[in-house]
Amino acid sequence: MCEEFTFEIQSEIRNIFTLDRCFQKYLRKLKIEDETINSITTAANEAIINAITHGNKLDATKKVSFSATFTGEELQIKIKDEGKGFNYNKLKKTKDLKSEGGRGIFLMKHFMDKVEFSNKLSGTEIIMIKKIPIKNDTN
C-alpha cells in the first residue's frame, strides 16, 4: 500500500489552512489515530510556516511544495521552499515553547520520529518521518 498526497501553495500564511484541512482529510482516510494526526499536522504546519516565513520570506511569488507518502508502516513528509537555505547547526536549540527562535524545529523533532534538513539549489527541503499506529476499527 502506497498512498500519496501532494499540494503546492503560494507563500502566504492564509494558505496553510487549506493545506491543513486537505492533509487532515487525507490522514483520516488512512485510518490514522486522531492523536497521531494532531502530532503530524502540528509538525507539518510548523515546517510550512518556517518555509513561508523564513525560507520564502513571505514572498507570494514563491511556492512551498508539500508531499506525503504513506507506506502502510510510516508516513514520509517532504516540504520544500524556494529560499536561500540555512545552516541547521547554527540554529538556536530550545525546548522553551515561549521562545521565538527554534520552537518550530523543537516541535517537529518532538512529534516526528525523524527530521532532516537539506539545502537544495533552489531552496530547503525538510523530510519528516513518522511511524504510524493504525486505528483499530473494532471499537
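The values are calculated or read from the model by the stated rules, or taken from the named source; none is laboratory data. Predicted, not measured: the structure shown is a model, and the values here were computed from it. So basically every Cβ, Gly included, is an ideal-geometry build from the backbone, and we count neighbours across all protein chains shown.
Okay, here's what the table says:
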quantity	calculated
Exclusive hit being β-branched (Val, Ile, Thr), in a helix (DSSP H, G or I) and out of contact with any helix residue (DSSP H, G or I) (no Cβ under 9 Å at 6 or more places or on another chain), set Thr53, Thr42, Thr61	Thr53
Meets criteria (in contact with a helix residue (DSSP H, G or I) (Cβ under 7 Å, 6 or more places away or on another chain), at pLDDT below 95, over 18 Å from Glu4 (Cβ atoms) and among the charged types (D, E, K, R)) for Lys90	no
Matching residues in region 1-39 - criterion: being part of a helix (DSSP H, G or I), within 30 Å of Thr61 (Cβ to Cβ) and acidic (Asp, Glu)	Asp20
Residue satisfying condition, being in contact with a Leu (Cβ under 6 Å, 6 or more places away or on another chain) and at pLDDT 95 or above, within set Ile40, Ile9	Ile9
Conditions (1) touching a Ser or Thr at 6+ places or on another chain (Cβ under 8 Å); (2) closer than 19 Å to Gly104 by Cα; (3) surrounded by 18 or more Cβ atoms within 10 Å (Cβ to Cβ); number of the one not met by Asn50	(1)
